[in-house]
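*Asks:* Here it is, the structure, as structure tokens.
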Amino acid sequence: MPRIYLSPPHVGETEKALLVDAFDSNWIAPLGPQVEAFEREMAAVVGMKHALALSSGTAALHLALLVLGVGAGDEVVTSTLTFAATAFAITYVGAIPVFIDADPVTWTLDPELLERELQRCASVNRLPRAVIAVDLYGQCADYEAIRSICGRYETPIIEDAAEALGATHRGKAAGSWGDLGVLSFNGNKIITTSGGGMLLSDNPEWIAKARHLATQARDPAPHYQHSAIGYNYRLSNLLAALGRGQLAHLDQRVQTRRAINAFYRSHLGQQPGIAFMEENPKGLCTFWLSTMTVDQERFGVSREEIRLHLEQLDIESRPVWKPMHLQPVFRHCRTCKGEVSERLFDHGLCLPSGSSLDEDAQNRVVEAVLSVPGRTGGH
Ligand SMILES: *Cc1c(COP(=O)(O)O)cnc(C)c1O
């Protein structure tokens, strides 16, 4: 039986045709008509006025902080339960991450803790320069609450929507809730360009500035002239063609990932000791990855025993993100609480969730979870 991957790329003939067209056009460069079209189409899908296609989501986060003027010694508040790229980008500009724990139901940034932290920062007259809210595993953070809190302290929001393209909150798309939005098209994301990302905003000046910085900060001159430090962050025209093909299928991809989540829930959700990440009723979650927690006492075996058993059956699964405040490199950073994300990391498992996962494969995963040796509880 073939190996089942966590979230492999899902590409087809549309992508191939667009890629070959781009190749034949000889626009094999980090800009070109496919890039422009991809930016236009993505801006329309997300509902932001301007978009900049980039070589990665991490580059988009870096540029978002640069255009907001975040710099050395500034503090930036973010979620501790995220992929490290969110926190890495903060350090690229010399700023200091401050970590906030997750909500136990939705797993996204806890707005109450955010409010308490901003209150405390205001009382010592040292507000963070920005908040990076993270949309986790396909679920938007609670922007209704976060926007109102940040609005009170006039703190700009960057939305790290790398995991949540296609999701909504209060009917508004992931990627459109911040002053700047960040997407990723890495190979494991809901749509991919093999590697790539996008920065979105309604503010044309920010996007123009980010475009300038991403293109080696070339001043308008016939020779090469630079008045700022630049980066080589643009997306290739070939990869933008691939992205356009992927974007055309986004709605189906979201539906499929949601159906996979519903399948896992219906076959595993009733098991004692198993609990899935809940969908926030304020929005639509893509379930980019289907994630559950395992209570060893009630289910009979631990998360790690399940993961290892799946691995033996050639099924890839992963622990939930290790919180940033537990990472050796971020140990020294201030953290507001942290117990919720620690518990999710200890007991959480991401199941295979790719949109190419057929029903046989989904059944294989369910049966594997239910057949872990040594499982005595739950029957
Ligand atoms: C994938 C991811 C990123 C980084 O995106 P890349 O395109 O891989 O650089 C950033 N933040 C989160 C939450 C992610 O999951």
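*Asks:* Tell me the angle of helix 204-214 to the major Cα principal axis of the chain, expressed in degrees between 0 and 90 and rounded to the nearest ten.
*Replies:* Tilt of helix 204-214: around 90 degrees.
*Asks:* Going toward the positive end of the dipole of the chain, with +1 on Lys and Arg Cβ and -1 on Asp and Glu Cβ, which of LEU357, VAL254, ALA64 do you reach last?
*Replies:* It is ALA64.
*Asks:* Here's something else I'd like to know. Can you tell me the accessible area per residue over region 13-247, all protein chains present, probe 1.4 angstrom, in square angstrom?
*Replies:* Dividing the accessible area of region 13-247 by its residue count gives 38 Å².
*Asks:* Build a GNM of the chain with springs between Cα atoms under 10 Å: which of SER353, SER227, SER184 gets the top mean-square fluctuation?
*Replies:* SER227
*Asks:* Using 0.36 nm times the number of residues separating ARG265 and SER227, minus their current alpha carbon distance, what extension gain do you get?
*Replies:* Result for the pair: 8.2 nm of gain on full extension.
*Asks:* When the dipole is taken about the Cα centre of the chain, and only Lys, Arg (+1) and Asp, Glu (-1) are charged at their Cβ, what size is it in debye, to the nearest 20?
*Replies:* Result for the chain is approximately 480 debye, rounded to the nearest 20.
*Asks:* While we're here: What is the gain in length, in nm to one decimal, between LYS172 and LYS322 on full extension, counting 0.36 nm per residue of separation less the C-alpha to C-alpha distance?
*Replies:* 51.1 nm
*Asks:* Chymotrypsin sites (Phe, Trp or Tyr not before Pro), restricted to region 115-168: which are DSSP loop and have at most 10 other Cβ atoms within 10 Å?
*Replies:* none
*Asks:* All other residues with a Cβ under 11 Å from the Cβ of ALA85 taken together, and with Lys, Arg as +1 and Asp, Glu as -1, what is their net charge?
*Replies:* Around ALA85, the surrounding residues sum to -2.
*Asks:* Given a cut-off of 28 Å, name the pairs among LYS49/LYS282; LYS16/LYS172; LYS49/LYS337; LYS189/LYS322; LYS282/LYS337 whose C-alpha atoms lie farther apart than that in the structure shown.
*Replies:* The answer is LYS16/LYS172; LYS49/LYS337.
*Asks:* Can you compute the charge dipole magnitude of region 250-370 about its Cα centre, using +1 on each Lys and Arg Cβ and -1 on each Asp and Glu Cβ, nothing else charged? Give it in debye, rounded to the nearest 20.
*Replies:* 620
*Asks:* Return a whole-number percent for the relative contact order of the chain, with Cα pairs under 8 Å and 6 or more residues apart as the contact set.
*Replies:* So the answer I get is 24 percent.
*Asks:* Another question, if that's okay. Ratio of region 266-308's C-alpha Rg to 2.2 N^0.38 Å, to two decimals?
*Replies:* This ratio for region 266-308 stands at 1.30.
*Asks:* How large a share of the accessible area of the chain, in percent, is made up of carbon and sulfur atoms when the probe is 1.4 Å and the other protein chains stay in place?
*Replies:* 53
*Asks:* Ok, one more. Would you mind calculating the relative contact order of region 208-345 from Cα pairs under 8 angstrom and at least 6 residues apart, reporting the percent as a whole number?
*Replies:* About 12 percent, as a whole number.
*Asks:* What is the P(r) of region 1-160, as percent of Cα-Cα pairs per 10 Å bin from 0?
*Replies:* Result returned by the calculation: 9, 30, 31, 19, 9, 2, 0.
*Asks:* Please work out the average accessible area per residue across region 250-370, using the 1.4 Å probe convention, and give it in Å².
*Replies:* Spelled out: the 1.4 Å probe surface of region 250-370, per residue, equals 44 Å².
*Asks:* Separate question: Rounded to the nearest whole Å³, what is the per residue volume of the convex hull around the Cα atoms of the chain?
*Replies:* It comes to 138 Å³ per residue, whole-number rounded.
*Asks:* Of all the stretches in the chain, which is the longest one without any exposed loop site, taking GluC sites (Glu not before Pro) in a DSSP loop (any state but H, G, I, E, B) with at most 13 other Cβ atoms within 10 Å?
*Replies:* Looking at the chain, 1-153 is the longest stretch - no exposed GluC sites (Glu not before Pro) with at most 13 other Cβ atoms within 10 Å.
*Asks:* Which residue fluctuates the most in the chain, going by a Gaussian network model with Cα springs under 10 Å, if the choices are ALA217, ALA164, ALA173?
*Replies:* Of ALA217, ALA164, ALA173, the Gaussian network model singles out ALA217 as fluctuating most.
*Asks:* Here's a follow-up. Which value in Å is the Kirkwood Rh of region 250-370 over different Cα pairs?
*Replies:* After inverting the pairwise mean of 1/r, the radius is 15.4 Å.
*Asks:* OK, next. Identify which of ALA161, ALA228, ALA85 has the largest mean-square fluctuation in a Gaussian network model of the chain, with springs joining Cα atoms closer than 10 Å.
*Replies:* ALA228
*Asks:* Using only Cα atoms, tell me the angle between helix 33-46 and the longest principal axis of the chain; keep it within 0 to 90° and round to the nearest 10.
*Replies:* Between the helix axis and the principal axis of the chain, the angle is about 60 degrees.
The values are calculated or read from the model by the stated rules, or taken from the named source; none is laboratory data. Being a predicted model, the structure only gives us computed values, none of them experimental. We place every Cβ from the backbone using ideal geometry, glycine too, and count neighbours over all the protein chains shown. These area figures cover heavy atoms from the full protein model, side chains too; ligands, DNA and RNA do not enter into them. Shrake-Rupley method; radii C 1.70, N 1.55, O 1.52, S 1.80 Å.
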